[in-house]
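One structure below.
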């Protein structure tokens, strides 16, 4: 995996939405796979400051919270994400 991460995209975005990782004041939000079906709960959230860190965790099986215009944020499984590097 060479090159700087420039984008993480959803392979099959929801209809009518161009989705991107949600960036909050805490950083990018990810779901730790060790929490299984409750990884989406706020208490189990993992936050990182950079897209590079987010990509590293996605590569380790973490889900990434994605958002699109007019759509609620949703946790997207790593198999449904594509990491774009320069």
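If you wrap the Cα atoms of the chain in a convex hull and average its projected area over all directions, you get 5.6 nm². Take every pair of alpha-carbon atoms less than 8 Å apart whose residues are at least six positions apart; their mean separation over the length of the chain yields a relative contact order of 41 percent. Peptides 27-36, 72-81 ranked from most to least packed, by the mean per-residue count of other Cβ atoms within 10 Å: 27-36, 72-81.
Each reported figure results from applying straightforward, stated rules to the coordinates on display, with no laboratory input. These figures come from a predicted structure and were not determined experimentally. Glycine gets a Cβ as well: all are built from the backbone with ideal geometry, and neighbour counts include every protein chain shown.
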